[in-house]
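A short write-up of the structure that comes next.
Computed from the coordinates by the stated procedures, all read-outs in this text should not be read as laboratory data. Owing to the predicted nature of the structure, the values given are computational and were not obtained by experimental measurement. Here the Cβ is made from the backbone with ideal geometry for all residues, glycine too, and neighbour counts use every protein chain on show.
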């Protein structure tokens, strides 16, 4: 009986990449510690976060067992289904300021979150069949695969998720070996269309960007968040104020301290050393994932794992910059640290795919 | 050609470049943190220590509402509420159980407390009970030491001294919920506890509420308040003075006796609403601090629907009360002259249609002109007139007189009613318009729906010789006690009919209805001259439910007795509509109620000489 149970458990764990797993667990442990303090000692927050991590780990373990070859066959179907879910949020969606969620009864599904996985999957599927570096025709296909879901996501409106999906697509194309000349061309086109994008932003989004440029212009209003976050981080110093001692967070100066600004709480209480340790963990996770991607058995697995790994770094860089006022507040969480369900689950699912790529690398080489 | 090896090499190069770029970016960001946390640490540390000054919202007192004579209809009274800070309370369950032994805490209150607690951070106070009794406060004061994190906090709560009398006019405030916050949008409104949910409390919400201010409070590291540094004062809400007269309102309710229904009295010269009742009523005070499930269920299951505002949302077939306006359309369009006569045989036939349209008198009224057609409410006259006008012209004129469009009253959600038209019929019933529909529309039946507000406004417009004033409840406002009342700006009046000869003919018809026509009973003994018109809206056959109590019948099935009137007929100062549910004919129930309301308003205001002079004539 006991051995039977042990065998089952072991067989579920046999596809796990342990270096990656340990680094992820270290970040999640840090998250629970930070949430305990940020939530004001409210165990409800910590338990809810732990439950999400467990759910995410379960999804991850399941995905390690699906071989990339099978995933590749299913890719067009999975992509089509998740894409079809997007317009549904306009009909039956809910959410306070934007309609992002579909209520499934037992939990809220955020289709935009699923596309963070399925868009790179579809791109990898599209590119692995074609000559690389991609031709103009394949690039046109890539553009369609990225642009259609992103347009729908931005309409919801969910700027943060839209940006992450774009990033995952850009990385897939970059890793596929697109020429430097074309990279320059696309970057130039992107930059020159920015003023046009301004016209399509919601008033609250414009407001965030204006206060980003000059936070002191509205110190009690929208600029308040950035100023208070910088004070929290700066006052943390080299070693931090200590666990549970962050006055900025506890006197309620720091807004959204469990979600978007969770990293500010960590910086205040654990100082620059805490920040550096976390950054090192994140860099290791990205590096390990890219290494797995390079050793993958085929083009599909390579592109998918590589794009997922590089997208992960965008979370870290954008959230890390936004809480110190280097970027506008766009609602991208610090991965696996901020409080929030769906992003934790979808991130861990991504690592499940990466681990599966690693576990199935041997067959063809 | 695809080359697996070349692709793998290419990927490896790109992955290395990517990883390098990410490392550099992360290292750069880490340097940014180093600058902030180590190099500029002293500066931010100082700012963090100085960061004990926190803005705290100041909620101004809500504006008061008075009637036209200065009687207070909505008041703020000091009350005390019980708050719990979950974080400081230690064992929350034990605290709640302990408090329940001192203060009666209902299941509803407990539920609201728990849902509010989940939405609030644990060091913020959460309301457990509003409006503590004197006794409960005393008991809490004695036991205070046993309950850390529990506080009794003074606040201002809304009170409606007249209870149910103004339930549909003034409305009520209720506790702010998540939906209200979403519509208000700004985070500063989370400091509010109540917002207007219905009536004037809702339509004037922003003015009554005032502008929320801030004070900057210095606190120590534990978060305890030390002093107020400076503040941005709150702007008090506006006090409103209504045109409503509380005495007339009460007289109107008493005039109804046991009946359900609605009545509105307005001053035709200004469009000011003097009284506005929708019966049955309910007590708005129940809603202020959260209505209990049993109270709410009692209101919503009542077949007479007390919460339903019959004046604003209700609509009824106007029946014969629209005849004066159809008559006016006939004169203004040139289709009829006042002296033109029509023969009423008792039944009206459309060419080629077997089924006839009846008059109220079985044998008909004989030859009648416009005045008599109004006085005797002769259907045949209007069947023919509607046909001669045609539905298009019919609608154009009646729309101008205010049917099928809002009256402009300062309440939210006014119903527009329905002006019968081929477009409406096609949209609602997917069916063509027949001449019979026009005939029916001619006596205010068929597809017609009018609100009491529309009827009273149209009556006032007639009384005022074609000048249509937007109806309004608010006549003046002031910002706080010391300020004088300022007249509240009103929208401009509109001239909808200008030929005085035409108007005079219609008015004579309405006077005749009271002197010797369908409503002659109510004119008896009145010290002033009344002009009026009766009407009946039948929903189900009168024969089948003759013995049924009206209070047991759903609202939609009750037939309604209607009466419109204005007085004194030579210099009108009041126009009125009365709708009595299940009230038989307009003349028998609605008209006497209207007479009582007009008496209550006019008798004490009439010049003494007129009063005694007309008292001599019986």
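Could you work out Rg/(2.2 N^0.38 Å) for the protein assembly as shown, with Rg from alpha carbons only? All intermediate terms of the calculation are to be shown ahead of the outcome.
Values: Rg = 37.6 Å, N = 983, 2.2 N^0.38 = 30.2 Å.
Taking the Cα Rg and dividing by 2.2 N^0.38 Å, one obtains 1.25.
Measuring from centroid to centroid over Cα atoms, what is the spacing of the range B:52-119 and the range A:42-62 in Å?
Taking the Cα centre of the range A:42-62 as reference, the centre of the range B:52-119 is 35 Å away.
Which of B:316, B:193 has the fewest other C-beta atoms within 10 Å, and how do the rest follow up to the most?
On the way: B:316 26, B:193 17.
The most exposed by this proxy come first: B:193, B:316.
Take the alpha carbon gyration tensor of the range B:124-178, find the square roots of its eigenvalues, order them as a ≥ b ≥ c, and report rounded if a/c is under 1.5; if not, report prolate when a/b exceeds b/c, else oblate.
Working: a/c = 4.61, a/b = 1.98, b/c = 2.33.
It is oblate, given that a/c is not under 1.5 and a/b is not larger than b/c.
Please compute the modelled spin-label separation between residue B:524 and residue B:281, points set 7 Å along Cα→Cβ, answer in nm with one decimal.
Taking the two extended label points, one gets 3.1 nm.
For B:8-21, what's the mean count of beta carbons from other chains sitting within 10 Å of each residue's beta carbon? Don't skip to the answer; put the middle values down first.
Values: counts 7, 2, 5, 12, 6, 3, 11, 13, 2, 2, 11, 11, 0, 3.
Counting other chains' Cβ atoms within 10 Å and averaging over B:8-21 gives 6.
Any number yet on Rg/Rh for the range B:232-386, C-alpha, Kirkwood?
Looking at the range B:232-386, the ratio lands at 1.16.
Which of these, A:82, A:118, A:64, has the largest mean-square fluctuation under a Gaussian network model of chain A (Cα springs below 10 Å)?
A:82
Please list A:268-281, B:346-359 highest first by mean number of surrounding beta-carbon atoms within 10 Å per residue. Write down the numbers at each step before the final one.
Values: A:268-281: 20.8, B:346-359: 13.4.
So the peptides A:268-281, B:346-359, ranked by packing, come out A:268-281, B:346-359.
Would you list B:361, B:168 from fewest to most Cβ contacts within 10 Å?
Details: B:361 14, B:168 27.
Fewest-to-most ranking of B:361, B:168: B:361, B:168.
Averaged across the residues of B:25-35, what count of C-beta atoms belonging to other chains lies within 10 Å of each residue's C-beta? Please list the in-between numbers first.
On the way: counts 6, 9, 2, 3, 8, 8, 0, 6, 14, 4, 3.
Mean partner shielding for this stretch: 6.
Taking the Cβ-Cβ separation of residue B:155 and residue B:300 as r and a Förster radius of 41 Å, what is the calculated FRET efficiency to the nearest 0.05? Before the final figure, lay out the partial values.
Numbers: r = 29 Å, r/R0 = 0.70.
Efficiency, rounded to the nearest 0.05: 0.90.
Quick one: helix B:134-143 against the long Cα principal axis of chain B, what's the angle to the nearest 10°, folded into 0 to 90?
10
What is the spread of the Cα atoms of the range B:310-426 along each of their three principal axes, largest first, in whole Å?
Answer, in whole Å and largest first: 47, 30, 25 Å.
Relative contact order for chain B: what is it in percent, counting Cα pairs under 8 Å that are at least 6 residues apart?
Details: 1199 pairs, mean separation 85.6, N = 618.
Relative contact order comes out at 14 percent.
How far apart, in nm, are the 7 Å Cα→Cβ label points at residue B:427 and residue B:604?
Rounded to a tenth, the inter-label distance reads 4.6 nm.
Calculate the mean, over all residues of peptide A:289-295, of how many other protein chain Cβ atoms lie within 10 angstrom of the residue's Cβ.
Values: counts 2, 8, 2, 0, 4, 9, 2.
What the average comes to for A:289-295 is 4.
For the range B:389-538, rounded, prolate or oblate, judged on the Cα gyration tensor with a ≥ b ≥ c (square roots of eigenvalues), a/c < 1.5 rounded, else prolate if a/b > b/c?
Numbers: a/c = 2.12, a/b = 1.27, b/c = 1.67.
It is oblate, given that a/c is not under 1.5 and a/b is not larger than b/c.
What's the FRET efficiency of residue B:481 with residue B:39 using the Cβ-Cβ distance as r and R₀ = 41 Å, to the nearest 0.05? List each step's numbers first, then the result.
Values: r = 57 Å, r/R0 = 1.39.
Result of the calculation: an efficiency of 0.10.
What angle, in degrees between 0 and 90 and rounded to the nearest 10, separates the Cα long axis of helix B:41-50 from the longest principal axis of the Cα atoms of chain B?
Orientation of helix B:41-50: about 50 degrees from the principal axis.
In a Gaussian network model over chain A where Cα atoms closer than 10 Å are linked, find which of A:201, A:152, A:336 has the largest mean-square fluctuation.
Evaluated over chain A, the most mobile residue of the options is A:201.
How far, in nm, would the chain grow between residue B:393 and residue B:118 when pulled straight, counting 0.36 nm per residue and subtracting the alpha carbon separation?
Numbers: separation 275, 0.36 × 275 = 99.00 nm, distance 6.09 nm.
Gain in length upon complete extension: 92.9 nm.
Tilt of helix B:591-602 relative to the longest C-alpha principal axis of chain B, in degrees (0 to 90, nearest 10)?
The two axes meet at around 70 degrees.
Compute the Cα gyration tensor for chain B, then decide on rounded, prolate or oblate, letting a ≥ b ≥ c be the square roots of its eigenvalues: rounded whenever a/c is under 1.5, prolate when a/b is larger than b/c in the other cases, and oblate in all that remain. Let's see the in-between values first.
On the way: a/c = 2.59, a/b = 1.83, b/c = 1.41.
Prolate, because a/c is 1.5 or more and a/b exceeds b/c.
When the Kirkwood radius is taken over all Cα pairs of chain A, what Stokes-Einstein diffusion coefficient follows at 20 °C and 1.002 mPa s, in µm²/s? Numbers along the way, then the final one.
Numbers: Rh = 21.5 Å.
After rounding, the answer is 100 µm²/s.
Compute the distance from the alpha-carbon center of the range A:304-323 to that of the range B:332-408, in whole Å.
78
At a 10 angstrom cut-off on C-beta neighbours, averaged per residue, how do the peptides B:333-344, B:489-500, B:447-458 rank from highest to lowest?
On the way: B:333-344: 15.8, B:489-500: 13.2, B:447-458: 26.9.
Descending mean neighbour count gives B:447-458, B:333-344, B:489-500.
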